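Have a look at the structure below, then the notes.
The values are calculated or read from the model by the stated rules, or taken from the named source; none is laboratory data. Fair warning: this is a prediction, and the values are worked out from it, not measured in the lab. Heads up, the Cβs are rebuilt from the backbone with ideal geometry, glycines too, and the neighbour counts pull from every protein chain shown.
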Amino acid sequence: MSEETDRNPEWATVSAVRPPTWSAQYRYSPATIFDDFVFVSGQVGVDVSGEVVSDEFLPQAQRAFVNLEAVLGQAGSSLDCILRVGLFLVDQRDFIHIPDLRGRYFTKPYPADTTVVVQSLARPGLLFEIDAIAHRK
């Protein structure tokens, strides 16, 4: 893991988490750490080479959760430490899968959750995105 640190005298240290496979071309951090909190940028259904894994919702959603778990691990956290998630769906009909995904990847007490249906995501072909706020272990 690569961490980039910036100090602001009025705030605690903020570190950027950048897994080894992350590409800097979009100029963002997959996650940042502030005190014991981890703020994870939106994770989508792409593999380590950046290719969309499928044109179907479930494989994309499952891969997004795998990617989320990997970024959290790099930050010293895990899926069990998530406090809040934001879920973004391109098709309202895919919401039927969300309770099962929550049950598969989260444990009680379940994280706070906001689910939004959007017209599109940042890259063509993406159907699902998840961001998160977690605490460190």
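If the condition is being under 21 Å from Ser54 (Cβ atoms), modelled with pLDDT of 95 or more and not in a strand (DSSP E or B), then the stretch 104-123 contributes Arg104, Tyr105, Val118, Gln119, Ser120, Leu121. When the test is whether a residue is surrounded by 14 or more Cβ atoms within 10 Å (Cβ to Cβ), farther than 22 Å from Ser15 by Cβ and within 16 Å of the chain's Cα centre (by Cα), Ala61 passes it.
Applying a threshold of 8 Å to beta carbon distances and a minimum spacing of six or more residues, or different chains, the list of pairs starting in the stretch 110-125 at a residue that is at positive phi and ending at one that is among the β-branched types (Val, Ile, Thr) reads Gly125/Val52.
Taking the criterion of being farther than 21 Å from Ala31 by Cβ and surrounded by 15 or more Cβ atoms within 10 Å (Cβ to Cβ), the residues of the stretch 103-137 that qualify are Gly125, Leu127.
Of all residues in the stretch 27-68, those that are free of Cβ contacts under 8 Å to residues at least 12 places away in the same chain and in a helix (DSSP H, G or I) total 1. Being closer than 19 Å to Val53 by Cα, modelled with pLDDT under 95 and not polar (S, T, N, Q) is a description that applies to Ala70. Taken as a whole, the structure places Leu126 among residues that are part of a loop (DSSP other than H, G, I, E, B) and among the hydrophobic types (A, V, I, L, M, F, W, C). Each residue in the stretch 75-91 was checked for being surrounded by fewer than 19 Cβ atoms within 10 Å (Cβ to Cβ) and either within 17 Å of the chain's Cα centre (by Cα) or part of a strand (DSSP E or B) (or both), and 8 of them qualify. Candidates Asp94, Asp100: the one that is more than 14 Å from the chain's Cα centre (by Cα), crowded, with 16+ Cβ neighbours inside 10 Å, assigned to a helix (DSSP H, G or I) and modelled with pLDDT of 95 or more is Asp94.
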